[in-house]
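Structure incoming, see below.
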Amino acid sequence: MASPTGRAAGGKGGGRRSPSLAQLRAFTAVAEHLHFRDAAAAIGMSQPALSGAVSALEEILGVTLLERTTRKVLLSPAGERLAVRARAVLEEVGALMEEAEAVRAPFTGALRLGVIPTVAPYLLPTVLRLVHDRYPDLDLQVYEEQTAGLLEGLGAGRLDLLLLAVPLGMPGVVELPLFDEDFVLVTPLDHWLGGREGIPREALRELRLLLLDEGHCLRDQALDICREAGRADAPVSTTAAGLSTLVQLVAGGLGVTLLPSTAVKVETTRSDQLLTGWFADPAPTRRIALAMRSGAARGTEYRELAEALREALRPLPVRVLGAEA
């Protein structure tokens with residue numbers, strides 16, 4: 001507990017002690033979870049040790065950080081302010097360790113890659129093969145989430161690099177473009193547009209278009225394409241959590257859908273009740289890129305990885321971009 005005078009015990013000459021990283025981690029965990037047991041589990045510390053670390057931090061800082069009752073834990077006004085500072089300190093220490101690791105040996109250690117669901121099944125085989133063959137000492141860890149979760153993870157330092165659709169328009173995020181790919185129209189066998197080429201975008205005005213659930217960037221892209229084609233209403237009567245389900249709904253005759261070209265081979269070969277139609281030029285497209293934090297300690301590595309990935313992706317039905325696209 002904080003001393004009544006608001007001063008921490010000092011060493012020789014009255015100098016103040018500095019908090020330890022363990023104490024800051026304990027406090028930020030409690031600030032996040034507002035529960036000692038959950039906070040202790042989150043950082044792998046025993047509950048008594050965590051409680052002691054927070055109490056020691058309060059003594060060093062000379063302020064009360066938490067308001068403890070028998071039922072709950074609350075941040076004090078001082079705790080609210082200092083939790084922000086504590087998180088910033090831990091993030092800077094993490095960046096320091098990351099920088100040191102990058103200097104010691106590039107393409108070693110962990111790389112936490114976030115990938116959106118409409119990219120993961122179709123590009124990960126190429127990504128994993130590239131990393132295995134060219135960067136065998138790199139510990140690639142893959143996390144599949146929707147775009148909002150990935151951006152939150154990148155900003156919080158939970159993720160290092162993202163593979164997703166752009167543009168993002170996010171300050172502090174650098175995009176490393178990889179390729180553009182066309183959208184194609186997937187229809188049931190008996191649909192009048194099935195298998196056709198040169199389909200005008202305007203045809204989307206009258207189609208029963210099946211889309212992914214809210215939160216998927218591919219849903220938003222499909223709606224943008226419909227608006228560009230002159231469709232004012234939202235063409236949604238049925239939605240799905242993933243592209244595989246979406247394509248099966250099309251095969252069952254519930255409507256049509258848009259697929260990125262990288263997904264066509266994987267998804268449409270699962271049913272013999274589907275046809276693929278191609279749009280007239282310029283076809284609707286999406287751009288896929290890697291994204292990293294501005295000033296990332298391993299930025300040079302990520303740019304090299306992006307260049308290697310561009311070459312590895314050339315066999316896919318995409319238009320590979322230059323680094324400055």
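The values are calculated or read from the model by the stated rules, or taken from the named source; none is laboratory data. A quick note: this is a predicted structure, and the numbers were derived from the prediction, not measured. Don't worry about glycine lacking a Cβ; one is built from the backbone with ideal geometry, like all the others, and counts go over all protein chains shown. SASA here: full protein model, heavy atoms, side chains in, ligands and nucleic acids out. Shrake-Rupley method; radii C 1.70, N 1.55, O 1.52, S 1.80 Å.
Counting only residues that are surrounded by fewer than 20 Cβ atoms within 10 Å (Cβ to Cβ) and of a type in the set (Val, Ile, Thr), which one in the range 262-284 is nearest to ASP182 (Cα to Cα)?
It comes out as THR276.
Within the range 295-313, how many residues are modelled with pLDDT of 95 or more and either assigned to a helix (DSSP H, G or I) or open to solvent by 50 Å² or more (accessible area, probe 1.4 Å) (or both)?
The qualifying residues number 11.
Could you list, in sequence order, the residues of the range 282-302 that are of a type in the set (D, E, K, R) and more than 18 Å from the chain's Cα centre (by Cα)? Explain how you work it out, then say what you get.
Kept after step one, since they are of a type in the set (D, E, K, R), are these residues of the range 282-302: 286-287, 293, 298, 301.
Passing the criteria: only GLU301.
Only one of GLY153, GLY157 is closer than 26 Å to ALA95 by Cα and crowded, with 16+ Cβ neighbours inside 10 Å. Can you tell me which?
Values: GLY157 fails: crowded, with 16+ Cβ neighbours inside 10 Å.
Answer to the check: GLY153.
Any chance the range 179-196 includes a residue that's within 21 Å of TYR302 (Cβ to Cβ), open to solvent by less than 60 Å² (accessible area, probe 1.4 Å) and either among the hydrophobic types (A, V, I, L, M, F, W, C) or touching a residue at least 40 places away in the same chain (Cβ under 8 Å) (or both)?
yes
Just wondering, is there one or more residues in the range 84-97 that are open to solvent by less than 80 Å² (accessible area, probe 1.4 Å), small (Gly, Ala, Ser) and at pLDDT below 90?
The answer is yes; a qualifying residue exists.
Just to be sure, is VAL73 within 30 Å of GLU267 (Cα to Cα) and either crowded, with 16+ Cβ neighbours inside 10 Å or touching a strand residue (DSSP E or B) at 6+ places or on another chain (Cβ under 7 Å) (or both)?
Spelling it out, it is not the case that VAL73 is within 30 Å of GLU267 (Cα to Cα) and either crowded, with 16+ Cβ neighbours inside 10 Å or touching a strand residue (DSSP E or B) at 6+ places or on another chain (Cβ under 7 Å) (or both).
Continuing with this model, one more query. Applying the selection to the range 98-126, what residues are among the β-branched types (Val, Ile, Thr), modelled with pLDDT of 95 or more and open to solvent by 10 Å² or more (accessible area, probe 1.4 Å)?
THR126
Now for a separate question. Among the residues that make up the range 104-111, is at least one of them without any contact (Cβ under 8 Å) to a residue 12 or more places away in the chain and hydrophobic (A, V, I, L, M, F, W, C)?
No - not one qualifying residue is present in the range 104-111.
Return the total of residues in the range 205-238 being more than 25 Å from LEU168 (Cβ to Cβ), open to solvent by less than 50 Å² (accessible area, probe 1.4 Å) and modelled with pLDDT of 80 or more.
2
Hey, another quick one. Enumerate the pairs (first residue in the range 313-325 and under 17 Å from PHE183 (Cα atoms); second residue anywhere and open to solvent by 70 Å² or more (accessible area, probe 1.4 Å) and in a loop (DSSP other than H, G, I, E, B)) with beta-carbon separation below 6 Å, excluding pairs fewer than 6 apart on the same chain, so at least 6 apart or on different chains.
VAL320/ARG314
Report every pair of residues separated by at least 6 positions or lying on different chains whose Cβ atoms are under 9 Å apart, first residue within the range 60-75 and in contact (Cβ under 8 Å) with a residue 60 or more places away in the chain and assigned to a strand (DSSP E or B), second open to solvent by 10 Å² or more (accessible area, probe 1.4 Å) and not polar (S, T, N, Q).
Listed by first residue and then by second, the contacts come to nothing, as the list is empty.
Here's a follow-up. Tell me which of these VAL184 doesn't satisfy, since it passes every other one: (1) within 20 Å of LEU309 (Cβ to Cβ); (2) assigned to a strand (DSSP E or B).
It fails just one condition, (1).
Here is a further query. Listed residues ALA88, ALA148, ALA100, ALA165; which is out of contact with any Gly (no Cβ under 6 Å at 6 or more places or on another chain) and not in a helix (DSSP H, G or I)?
Every option except ALA165 fails the conditions.
Based on what the data block shows, is VAL174 touching a residue at least 12 places away in the same chain (Cβ under 8 Å), assigned to a helix (DSSP H, G or I) and either open to solvent by less than 60 Å² (accessible area, probe 1.4 Å) or not aliphatic (A, V, I, L, M) (or both)?
No.
Tally up the residues in the range 285-294 that are open to solvent by 20 Å² or more (accessible area, probe 1.4 Å) and touching a Leu at 6+ places or on another chain (Cβ under 8 Å), please.
So the answer is 2.
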